[in-house]
Structure formats: structure tokens, C-alpha cells
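Let me begin by presenting the structure, written as C-alpha cells, before commenting on it.
Values quoted throughout were computed directly from the atomic coordinates according to the rules given, and no laboratory measurement underlies them. What you see is a predicted model; the values in this text were computed from it and never measured. Neighbour counts run over all protein chains shown; Cβ positions are idealised from the backbone, glycine included.
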């Protein structure tokens, strides 16, 4: 059985009681305003009838679209043909093995490639997160190529957390996301071999892309469900969950009473039993 | 020193005699007898930290807008219970460490009760005359689990609210009376706004009072009946060999209290438990996946997960699925647990009183049944984390669930069979349980080597006795003499169960007086001085021949 890579590495059996390094990790609330690296909604895919929430121009907008460089399309095509075409076809129009990618939008392509899910490790199971095969520039080139083939689909969102509310994010996260990803974002197994992955390794852009495109079994939350502001709020809360306030000490993987029970029994009671054995009589 | 106030009290209450007798009481010294102490000390920590928490917790479901120091919850409409728990955690000095100590102590408390119960079960300590204490202890375990669940529910966070929702459904599932019970308990439909204050009253008043009373009874009965002891040199059904209450046992027990307190404080200060700020308030339409109860409810949660969705209809009433794993199973569990001393008697026909414990290997059938039952509940316990296991080991949740459904029937018989084999095998080994004899190699002048058996590790015996002896001998000389003198005059009322057996025992075997287990040295229930004495500097040297025969027990 192949173990899924958990880049966040939070689901660890908490053996190291002595390592209290995580005590009191306050003050991770402020993520700091991230300068919008690009403005304008123009992309190589041309005009869209649906905006998918992308706003143009305003630097303080909660979400701006990443501008893809048309000059990278050729590189993107080369990379796509080398790495993706055996399943998706040379023009991303799909084959019997893999779906048509045309018109899905840059955000979808960027999510699957940048999280390392594509190319697939194993086509028979849910796509696993792994280190991406491509650099950021190469990924953007692939995004540019595929989104140049047909118009439509959400563009790559650049999330500006400066105006986002972590408090509103908590409310939206607990309503919309916790039912699968769990309230701490650690993820969990769902029925039938499907799982909701941990949110710990996700970047801001990847969280927003997942919300907007609904990868795999995840539902898609379009602009009618969640506004750009709300997406930014959720992203801010997810980023907080990646380094939450562990005021109480070692976080124990944030999976709740399961690890707490093991620590209570094995370390709490266990050390006391050893202490009793130490000070108590032994010979019958 | 001015003894006047002490005399004043003594002349009115006669405390001196009781105190002297108590101070001289003998406790068998074995580490496995200290498991119950862990539970008791955890209970004290629970009381102390719990009182602190009540000063800041607001048991109310009324809505309030949170504007405390925890930014991600700022502006949320939450219950006062949740808001006050957040404030307790972030704004009250030492509030969080107190809350976490309380929670860790609860986890350790119940774990210690369970381990203590297992020790009592596997050594046969529940046999006559201790059936009452077995029942009292079982009641304490039941109450502790219930109490733990209530405490876990009080912060009104998303995870515990889901637990209350399950408890509501379980109550509803009881045939005929279920809907009435649920309605009475919750003051109407779930969730209502009455359950938190009601749980609070039950949690801080009703059950703690019951538990304190039962714990007092548990200890008093143990005190009155005297502690059991393992078989061994100089130990009989009619004596207690051990260390005196004062000072040896008091020092040991007092030290153990501080060890318990320090472990719980370390956990409370270093390891996060139940971070309710990450869970958010309970709002009925919200749900988090991966919700588990605290560990002691795990077997019930596991049973709920494993039980197939059968609904049985009879006499015009439908019995919902959850009734079987969540009402019937715990009912049968605790019913059988409390009835065990009588169930066992049906098979053993053993109606005699026992003060000497059995080793698990001496009773393979009991050991086997105990291990089998334990394995059953262990499987249920692990089944409560099906989702976490499936996620951690990257297997399908459905596979994990079905695996547990099979394992819950397969593992217990296998475990019981293996336990029986091992116990029977170990019991048949003649030297099992005896101290290993040292083999000493001698070399003669001619260079010939011979091997001889020596006494079992005599230097260790000596060290142990010397250590306790040093403490005991700090007792003033006159008080010892005084104590023994009075014991002889005493009617032995402190010696409950073997008054009759004293009568039909030859005088030379029990000595002058069983003396109520309060001899300063070591042989309160038997002849003082026989077998060398616990605190004699060289250990039981002269009684080697005698003790060999005594070891046969």
C-alpha cells in the first residue's frame, strides 16, 4: 500500500512529548498584504462572457487574475506534448483515457499541475499531491498553452489577503469546507476510497483555484455561491489553519480526541505507571 | 510542645486511638496496587482545577457576540458557554493550563480506573469478601465516563455539539420512553437552550458528589476489609505484610500524588487538548468531519459505527438501530461487569473468602475470558477512528469498516485462546513467579569448577527492606510500644472478615492477636516477628526452611 504524501506532515504520531517548540504560536493572524503581482484581466484566452469573479485594475481587490504571457505558449505546448499529451491528446481535446481540457480555464490547469497531481502517479486512484514536476514558469506556460486553445473557464486567481477577514473566513470555512476537510483542515477519508486532502500544503492561489474550479469530487463554488471577497476570507482562514494558534502546546496533528486519547493513555497513564513501578514494591 | 488542644479533641472524640491505629495500619506494597491511586489523585486534580473553571465558565446557551482576543472568532454570534470558554482560554491568567489539566486529568482518570479494574479482575481481588467494592468501583467507572462526556460537552463547540446531537438520538432510540426522556432532558427539541445549564448542574454538582461519596465508600470498605496481597514469603490469608501507614506508606502515597500532579501539569502545560477555538461554536447546521468523542467513549462510538443499519419492528414499535450499540451494549456491559463475581462463582463453586490474590496464570479461564472481553472492547475502541485510520493508512473507509466488523468477532476468541494457552503454560512451570535463584560458580583449589544455587538475589531483598526500614524506624520508640500495647487490648473490630477464621485457627499460627493489621513491623494479620520482619536489617534469614513450605501457596 502506497502511502499518500502529506506535505504538511501534520498527521504524525505525537511521540516527541519533550519537543515543546510549538508552544504559543500566536500572532499568525496577519498574513500581510500581498502585493498584487499583476493587474488587468486580459489573458491569452481572449474575452470571456463569464467573468468568474476576476476583477480588473484594482490593486486592492480581493482577487486579481494572473496575467499569462502569450510568448510562453510555445514553451507550454512543448511541455504539454511531452508530459500530458499521451493521455489528454496533443491539443488537450481528451482521449479515451483522460478528459478534454479545452475551455476549462487556466485555474483548473494551474491547480492540477502546480499541486503535483498532474501528471498522475496512478490513474486508478484519487490524484495524489506530490512535488510538482515543473517550475512555476513552466506551469504558467502550460496554463497559457491550454487556455489559449479555447476560451472560457476561470483564470488563475491571485489572492490579496490585505482586505480579507479571518473571522468571516472562519464562518464560511466551517459552513462550506469543514464537512469534508474537517474543521481544522487536516482532511479525512470519505466513503469509497475517496478522501478530502489536507489543506496544509496548499498555497493561497491553490486554495482559491480549488474553490473556483472544484477539482475531483469537490464541489465547485462559483461567484454566485461565494464572492471574491468571501473566497479571499476563506483563503485567509485556511492559511491561518496551516499555522494555527497552538496556545495550548503541541498541536497533536489537530485530529482531535484520537491522538489526545493515545497521549493521555500512553504518555499520561503510562508514565504514571512507570512512576508507580519505580516507587512501589515489586517482589511478590 | 503543647498537647492541650490535642487532648481536648481526644477527650471528646477519642481520636488518639483511631489515629494511632490508622498510623500503624499496614498496606501491602506492590506497584500494581498503586493504579487505583493514580485514579484517586487524578480525581483530586479534577476537583481542584474544576473549581477554578467554574469561576469563569458561564453555563448558558444564550447568544452573545464574541469580541475577545481570539481574532478568528471576532464578531461571531456564539453561546455564552462557548464565549466564556474562549475567554477562559485566552484572557484568564492560567485559564488555559487549568482547562487543559482538567481535560488531561479526566483522560488519565478514566484510563487509571480501567487499568485498576483490570488489575482487580485478573488477580481475582473481587472475590469474597470484596464483591461490594467491585460494584462500587464499577459504578465509579460508569459515572466517570458519563461525567467525562458531560464535561466534554460543556464548551458548546462544534465537535462536542455533535456529540450532544448523538446523545439526543441515543436517548430517542430507547423504546417507548425514549422520546419522553429526550424531551425531559433537553426541555423540548434538540438543541434547545436548556441542555448546557442542565449538563453543567449534573457535571459540577450531582455526579461529583456521587463520585466523592462512592470513592469514600470504596476506600472505607478497602480500609475495613484490608488490602489483598500477592502470595509470597510469609504471606497468608490471615495476615497483611507490608509497610506501615506512617511514615512509609504515607510518604510513598504522598509522593505519588505529587508525581501524578506533575505529569498532569506537564501535559496541561505542554500538550494541547481540545483546542475549541479551532473548532468554533456549535451551530446545528454546521458539521465537521472526523469527529470523535474522548477516548473513554470510543468503544460506544466504535459500536455505533460498526453496527449494521437494522431496524426491528415489534408490537407496533420500531426499535431504531442506535438502540443496540448505544443503549443495549453499555447496559449489558456494565450489567455483566457488576455481576461477574457471582457469574464466576457459578462455575468455580468457590464461596470462600480470599485475601491472597491469584496470579493470572493460576486461573487460565478467568484470564482467558478477561483477555477476550478486553479484546472485544479494544476492537470497538479502535473502530471509533475508522476515518482517521483510513486516512492515515490510505485505505478505503469502507474497507476499514468491514475489516472491523469482521475483527470484532475474530479477534476476541483468538485473544482468549492464546491467553488461555499462555496462562496455562506459565502456570504449569514450577518456578513461575518465584524469584530466580542465582547460580554461583566456585573454583576449587584443584581448579575444578562447581555450580551452586544461592539464595534468590539476597542483596536486593536487603536493600529493599533497609530502605523502608530506615523510614519506619524514625517513628518514636514510645509510640510503637504504646501502639502494640493497645492493639492487644483492642477488640479487633478493625478486623472485619476473619473473626470467625481467627477462632478456628491454631493459636501458634496467628500469634497472640491478629491485631487488626496495625502492627508497626510487618505481620499484623499473623504472628508478629515470624519470617524475620519487614524492617529487620537482614531480611528473612532465619526462616528459610519455613518459608519454603509457605511458598507452596
**Fill in**
Taking B:428, B:60, B:22, B:309 and counting other beta carbon atoms within 10 angstrom, the fewest-first order is B:309, B:428, B:22, B:60
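What shape does the range B:248-379 have by the C-alpha gyration tensor, where a ≥ b ≥ c are the square roots of the eigenvalues, rounded means a/c under 1.5, and otherwise prolate means a/b greater than b/c and oblate the rest?
Working: a/c = 2.92, a/b = 1.10, b/c = 2.66.
In terms of gyration-tensor shape, oblate.
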**Fill in**
A student applying the Cα gyration tensor rule (rounded when a/c is under 1.5; otherwise prolate if a/b is larger than b/c, oblate if not) would label the range B:70-186 oblate
**Prompt:** What distance in nm separates the simple spin-label points at residue A:95 and residue B:48, each placed 7 Å from Cα in the Cβ direction?
**Reply:** 7.1 nm
**Prompt:** What is the distance in Å between the Cα centres of the range B:283-337 and the range B:22-96?
**Reply:** 28 Å
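Given R₀ = 22 Å, what would the calculated FRET efficiency be for residue A:194 paired with residue B:414, taking r from the Cβ atoms and rounding to 0.05? Walk me through the intermediate numbers first.
Working: r = 32 Å, r/R0 = 1.47.
Once the sixth-power term is evaluated, E becomes 0.10.
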**Request:** Starting from the Cα gyration tensor of the range A:63-249, take the square roots of the eigenvalues, sort them a ≥ b ≥ c, and report rounded, prolate or oblate (rounded when a/c is under 1.5, otherwise prolate if a/b is larger than b/c, else oblate).
**Result:** prolate
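Provide A:156, A:166 in ascending order of the number of other Cβ atoms located within 10 Å of each residue's Cβ, fewest first. Mind showing how you got there, number by number?
Numbers: A:156 29, A:166 22.
Ascending Cβ contact count within 10 Å gives the list A:166, A:156.
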**Request:** Describe numerically, in nm with one decimal, the distance between label points set 7 Å from Cα along Cα→Cβ at residue B:393 and at residue B:350.
**Result:** 3.8 nm
**Prompt:** Once both labels are modelled 7 Å past Cα along the beta-carbon direction, what's the residue A:87-residue B:19 spacing in nm?
**Reply:** 8.2 nm
**Request:** Please check which bits of the range B:26-48 a label hung off residue B:212 would reach, taking the label as a point 7 Å along Cα-to-C-beta and the cut-off as backbone N under 19 Å.
**Result:** B:39-48
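Pop the C-beta distance of residue A:243 and residue B:2 into the FRET formula with R0 = 51 Å and round what comes out to the nearest 0.05.
Numbers: r = 63 Å, r/R0 = 1.24.
Efficiency at R0 = 51 Å is approximately 0.20.
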**Message:** How much length would be gained if the chain were fully extended between residue B:205 and residue B:422, taking 0.36 nm per residue of separation minus their Cα-Cα distance, in nm to one decimal?
**Reply:** 73.5 nm
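Arrange the following residues from fewest to most other Cβ atoms within 10 Å of their Cβ: B:159, B:145.
Numbers: B:159 26, B:145 20.
Ranked by crowding around the Cβ, least crowded first: B:145, B:159.
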